Amino acid sequence: MEMLNDFCGIERRSDGVIEMTICNAGKVNLLNTAVMDGLTSGLDILSRERDARVLILASPGDRTFIGGADLREMVQLDKVSGERFISRLRDLCDRVRHFPVPVVAKISGWCLGGGLELAAACDIRVATDSSNFAMPEVQVGIPSVIHAALLPRLVGWGRARYLILTGAVIDASTAFSWGLVDVVASTDELDRQIAKVIEPILKCGPQVMQAQKELLRRWEDMNLSDSVSASISYFGNAFATGEPGLFMSQFFKHKSA
């Protein structure tokens with residue numbers, strides 16, 4: 001594994017898939033200032049790699065994806081330092097949301113608080129059948145903020161309220177039925193299922209995939225009318241890349257064969 005910094009290990013594959021592993025974050029993979037800064041820096045570096053096609057965000061082992069933000073640091077925060085701390089997590093999640101290629105969360109074990117927010121910022125979530133999810137912030141005196149705002153878009157307002165107001169733990173089966181995760185697999189099958197998920201992405205042109213991800217993110221912040229209008233230029237720009245001619249020609253060749 002190549003280390004971009006103390007907290008960001010990567011494995012590059014020949015097909016453009018990069019797996020980024022959160023390193024040196026303790027037994028339950030906690031997000032403190034140093035870890036968040038390291039991951040953000042790593043994402044900034046990887047976002048400039050032109051050959052990247054898919055980013056997989058993973059953690060070491062299968063006990064915990066991310067155990068949340070580090071309470072040992074947060075217990076010492078005041079208003080000013082608290083806002084500075086949570087802004088770091090916001091920036092990290094934003095790097096994932098706006099990463100130029102699709103990001104897949106590889107979730108093993110517990111996914112809590114800020115870890116669930118980071119997973120929600122990913123494009124696709126694949127979890128083990130032993131994974132558990134919760135937003136327990138209210139239980140330690142703080143509200144769920146920043147990218148917890150994505151949860152109503154993923155699971156609906158009622159279920160988001162239930163998760164955030166009660167801090168309840170839900171299992172992988174429930175998370176799947178709610179739409180919080182997209183695929184559930186056994187621990188042994190996790191890598192194979194992720195490969196199955198990203199296979200059709202890799203068959204598409206890299207430029208259309210980047211454009212589609214960018215457009216999806218813009219749609220999240222727009223009303224329906226603006227979303228429709230914004231899409232027109234993306235459609236036109238696609239023809240300037242040469243990918244439509246290539247892939248449409250392949251489609252007709254396959255159909256006539």
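Among residues of the stretch 152-177 that are outside the structural domain of Val140 (by TED's automatic domain parsing) and more than 14 Å from Glu137 (Cβ to Cβ), none has a beta-carbon under 9 Å from a residue that is surrounded by 15 or more Cβ atoms within 10 Å (Cβ to Cβ) and of a type in the set (A, V, I, L, M, F, W, C) at least six positions away or on a different chain.
Yes/no per residue for (1) of a type outside the set (D, E, K, R); (2) outside the structural domain of Leu57 (by TED's automatic domain parsing):
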residue	(1), (2)
Ala185	yes, no
Val208	yes, yes
Lys213	no, yes
Arg218	no, yes
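Here Arg84 does not fit the description of being of a type in the set (Lys, Arg) and modelled with pLDDT under 95.
Among the residues of the stretch 168-187, some residue qualifies, meaning at least one is outside any strand (DSSP E or B), under 20 Å from the mean Cα position of the chain (by Cα) and acidic (Asp, Glu). Remark: pairs (first residue in the stretch 1-28, assigned by TED's automatic domain parsing to the domain that holds Leu71 and surrounded by 15 or more Cβ atoms within 10 Å (Cβ to Cβ); second residue assigned to a strand (DSSP E or B) and among the charged types (D, E, K, R); Cβ separation under 7 Å; 6+ apart in sequence or on different chains) = Gly9/Glu2; Ile10/Glu2; Ile10/Glu19; Ile18/Arg12; Glu19/Glu11.
Taken over the stretch 219-257, the residue count meeting the criterion of being under 27 Å from the mean Cα position of the chain (by Cα), among the charged types (D, E, K, R) and more than 21 Å from Ala52 (Cα to Cα) is 3. Counting only helices (runs of 4 or more DSSP H) that sit completely within the stretch 203-257, those holding 3 or more residues that are surrounded by 11 or more Cβ atoms within 10 Å (Cβ to Cβ) and touching a residue at least 60 places away in the same chain (Cβ under 8 Å) correspond to 206-220. Tell me, yes or no, whether the stretch 38-57 has at least one residue that is among the small types (Gly, Ala, Ser), under 28 Å from Glu199 (Cβ atoms), without any contact (Cβ under 8 Å) to a residue 60 or more places away in the chain and in contact with a Pro (Cβ under 9 Å, 6 or more places away or on another chain). The answer is yes; a qualifying residue exists.
The values are calculated or read from the model by the stated rules, or taken from the named source; none is laboratory data. Bear in mind that the values here come from a model prediction, so they are computed numbers and not experimental data. Positions of Cβ are backbone-derived with ideal geometry, glycine not excepted, and every protein chain shown enters the neighbour counts.
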